Amino acid sequence: MSIDTAPKMTWWNRLAHPGQFVAWTRPLLWPLAILTIALFALGLWFAFFNSPADYQMGDTVRIMYVHVPTAWLSQFVYATMALSALGTLVWRHPMADVSMKAAAPLGAAFTAMALYTGSLWGRPTWGTFWEWDGRMTSTLVLLFIYLGIVALWRAFDDQLRAARVVAIFTLVGAVNIPIIKFSVDWWSTLHQPASVFTPEGPKMPLSILMPLLVMFFAFTFLFATLQLLAMHTEVRRRRIATLERRLAQGAGR
Amino acid sequence: MIGLGAHAEFIVAAYAGVFAGLALLVGWTLGAAYLTRRRLDSLGERERDRSARP
Amino acid sequence: MSGFLATLRRELRLALGGSGDILTLVLFFVIVGAITPFAIGPNPALLARLAPGIVWIAAFLAMLLGLDRLFRDDRDDGTLALYRLAETSLAGIVAAKVIAHWLTAALPLVLATPLLALLLAMDGPTFWRTVLSLLLGTPALAAFGTIGAAITMTTRRAALLAPILIAPLSVPVLIFGVGAITPLGGPDQAGAALLFLAALSLMALALSPFAAALAIDWSEE
């Protein structure tokens, strides 16, 4: 190939090569991890040593500092997966399906934690561990979708072929999630005219907003760190599969 | 530490659960990373040995 | 268009000529509905209250059962490969399959609903609302089911995985399906629910053939 016909190596192309991607992003891991730990330390200090009780909810407002970030992540991670799915289907970017696969179990875990913390918040605040209200129910359905996606990845033998099929399901899910939310809200107002879970109070003074924001960023950076690490692992897994295949073929010789 | 109020057990349970969950998540991610790196290294050596052999 | 009709004719012929497949499905539907009183007690008032939900759950489960035959047989005997190469687009062929699936799985269930209405102490007006709700809602279930079947076509444990994938998507169908029957929130609620249900079915019918066709193509590459 002459210099004229060689493909332009934009950063987009560079990142598309798995080995390059790992090499380029590896320096990011430790800084991200340290930032995450620092944010968590700051957030926890705020939560337990430097923030007041809410005038309505009392000290249980501190649960909100872990519930809201995990609930936010349950949606944000799906958005990441959906975007990656588009990357797989529309642009055929090789790192897109790696990103999609890495995010799924992380999203499931955060969604489960959102349900867990929401449940513990509900008990002292509203009286029950579980309430079939709009928000909690939608989150539960979202958890089932995540777990289904994880199961789908595992059901394929060929992970490369799986990527595009999983991408379709991810996007079908993405289109359906607003519909599910809408229908669940409609349904819950039918059955419970009474009060509804609202993790974010109507008024939020800075003293409560501060720990919330710090924890929000702490969790988001945690996801970014874990996602990057999981993507590296997936790239290496595929390399291992290739090498093992080559070894198995070579062993016959 | 500030007093945690009447429902302290719920606050503690929430944070403990999240901490446990995150520990599991981080541990699992790190563990998988470590295991694949190790496997890749061992395969890499075998690959190098094979190609080095005439 | 001729390819679409030809596929439709073929699917119907296969389903109807088959070994009482449809009757087996209907039997499953009736059995699920019929055993619920053993679980929740024979109190007519309670049964009547729960009947719409029970019928919908039985229909949902029965439609999940019929999914396996959608693509498995065609894949095994090579017809799927021919479909993929045909002049008619794969999406068109899948659309024909969805319609045939609805005609041979959902419609028989609706026809069997009077039996369940009797067993579950449903009154007349509720029964007719149930029939309408099933007619408007089962197309969505058929469409989602087809997507699920297409996605899991080449996977292990497809019979288990497809329902897992489809169930969350079917939540709105169940909500509006039952909401159209039991007017807890007044008569307007039933009307609104029916409209939402119809909209859902139309949207699912329109989009599912494309999603399923893509999934089939990419599974088989």
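The values are calculated or read from the model by the stated rules, or taken from the named source; none is laboratory data. This structure is a prediction, so every number in the text was calculated from the model and none was measured. Using ideal geometry, Cβ is built from the backbone for each residue, glycine included, and neighbour counts are taken over all protein chains shown.
Before we move on, is A:Arg161 crowded, with 18+ Cβ neighbours inside 10 Å, charged (D, E, K, R) and at pLDDT below 95? Reasoning before the result, please.
Working: crowded, with 18+ Cβ neighbours inside 10 Å: no; charged (D, E, K, R): yes; at pLDDT below 95: yes.
No: the conditions fail for A:Arg161.
Which one is farthest from the chain's Cα centre (by Cα) among residues in the range C:204-221 that are more than 8 Å from every other protein chain (Cβ to nearest Cβ) and not aliphatic (A, V, I, L, M)?
Going through the qualifying residues, I end up with C:Glu220.
Looking at C:Ala121, C:Ala117, C:Ala143, C:Ala159 in this structure, which one is in contact (Cβ under 8 Å) with a residue 12 or more places away in the chain, within 14 Å of chain A (Cβ to nearest Cβ) and surrounded by 17 or more Cβ atoms within 10 Å (Cβ to Cβ)? Spell out the reasoning first.
Numbers: C:Ala121 fails: within 14 Å of chain A (Cβ to nearest Cβ); C:Ala117 fails: within 14 Å of chain A (Cβ to nearest Cβ); C:Ala159 fails: surrounded by 17 or more Cβ atoms within 10 Å (Cβ to Cβ).
One residue alone meets the criteria, C:Ala143.
Tell me which of these C:Leu195 doesn't satisfy, since it passes every other one: (1) within 30 Å of C:Arg49 (Cβ to Cβ); (2) under 17 Å from the mean Cα position of the chain (by Cα).
The single condition C:Leu195 does not satisfy is (2).
Considering (1) more than 29 Å from C:Thr154 (Cα to Cα); (2) surrounded by fewer than 20 Cβ atoms within 10 Å (Cβ to Cβ), say which one A:Gly134 fails and leave the rest.
Failed condition: (2).
Take A:Thr111 and decide whether it is surrounded by 24 or more Cβ atoms within 10 Å (Cβ to Cβ), within 12 Å of chain B (Cβ to nearest Cβ) and not aliphatic (A, V, I, L, M).
On the way: surrounded by 24 or more Cβ atoms within 10 Å (Cβ to Cβ): yes; within 12 Å of chain B (Cβ to nearest Cβ): yes; not aliphatic (A, V, I, L, M): yes.
Spelling it out, A:Thr111 is indeed surrounded by 24 or more Cβ atoms within 10 Å (Cβ to Cβ), within 12 Å of chain B (Cβ to nearest Cβ) and not aliphatic (A, V, I, L, M).
Mind checking which residues of the range B:9-18 are facing chain A (nearest Cβ under 9 Å), surrounded by fewer than 19 Cβ atoms within 10 Å (Cβ to Cβ) and under 21 Å from the mean Cα position of the chain (by Cα)?
B:Gly17
Give the residue that is farthest from B:Phe19 (Cα to Cα), with candidates limited to residues of the range A:40-65 that are more than 24 Å from the chain's Cα centre (by Cα), more than 7 Å from chain B (Cβ to nearest Cβ) and in a helix (DSSP H, G or I). Don't jump to the end; show me each part of the working.
Going through the range A:40-65, the residues more than 24 Å from the chain's Cα centre (by Cα) turn out to be A:45-46, A:48-60.
Still in the list and also more than 7 Å from chain B (Cβ to nearest Cβ): A:45-46, A:50-52, A:54-57.
When the remaining residues are screened for being in a helix (DSSP H, G or I), the result is A:45-46.
Numbers: A:Trp45: 15, A:Phe46: 16 Å.
Filtering first and then ranking leaves A:Phe46.
For the range C:61-79: of the residues being in a helix (DSSP H, G or I) and surrounded by 24 or more Cβ atoms within 10 Å (Cβ to Cβ), which is nearest to the chain's Cα centre (by Cα)?
My answer is C:Met63.
Which of the residues spanning the range C:183-203 are within 9 Å of chain A (Cβ to nearest Cβ) and either hydrophobic (A, V, I, L, M, F, W, C) or outside any helix (DSSP H, G or I) (or both)? Walk me through it before giving the result.
As a first pass, look at the range C:183-203 and keep what is within 9 Å of chain A (Cβ to nearest Cβ): C:184-185, C:189, C:192-193, C:196, C:200, C:203.
The answer is C:Leu184, C:Gly185, C:Ala192, C:Ala193, C:Phe196, C:Leu200, C:Met203.
Within the range C:189-221, take every residue that is farther than 18 Å from A:Leu171 by Cβ and not hydrophobic (A, V, I, L, M, F, W, C) and give me the one that is surrounded by the most Cβ atoms within 10 Å (Cβ to Cβ). Break it down stepwise before answering.
So in the range C:189-221, the residues farther than 18 Å from A:Leu171 by Cβ come out as C:189-199, C:201-202, C:220-221.
Checking the rest, the ones that are also not hydrophobic (A, V, I, L, M, F, W, C) come to C:189, C:191, C:201, C:220-221.
Details: C:Gln189: 16, C:Gly191: 12, C:Ser201: 22, C:Glu220: 13, C:Glu221: 10.
Ranking the candidates gives C:Ser201 first.
Which of the residues that make up the range B:27-44 are facing another protein chain (nearest Cβ under 7 Å) and either of a type in the set (Phe, Trp, Tyr) or closer than 19 Å to A:Ala109 by Cβ (or both)? Can you show your working first?
First, pick out the residues of the range B:27-44 that are facing another protein chain (nearest Cβ under 7 Å): B:29, B:32-33, B:36-37, B:39-40, B:43.
Hits for the range B:27-44 are B:Thr29, B:Ala32, B:Ala33.
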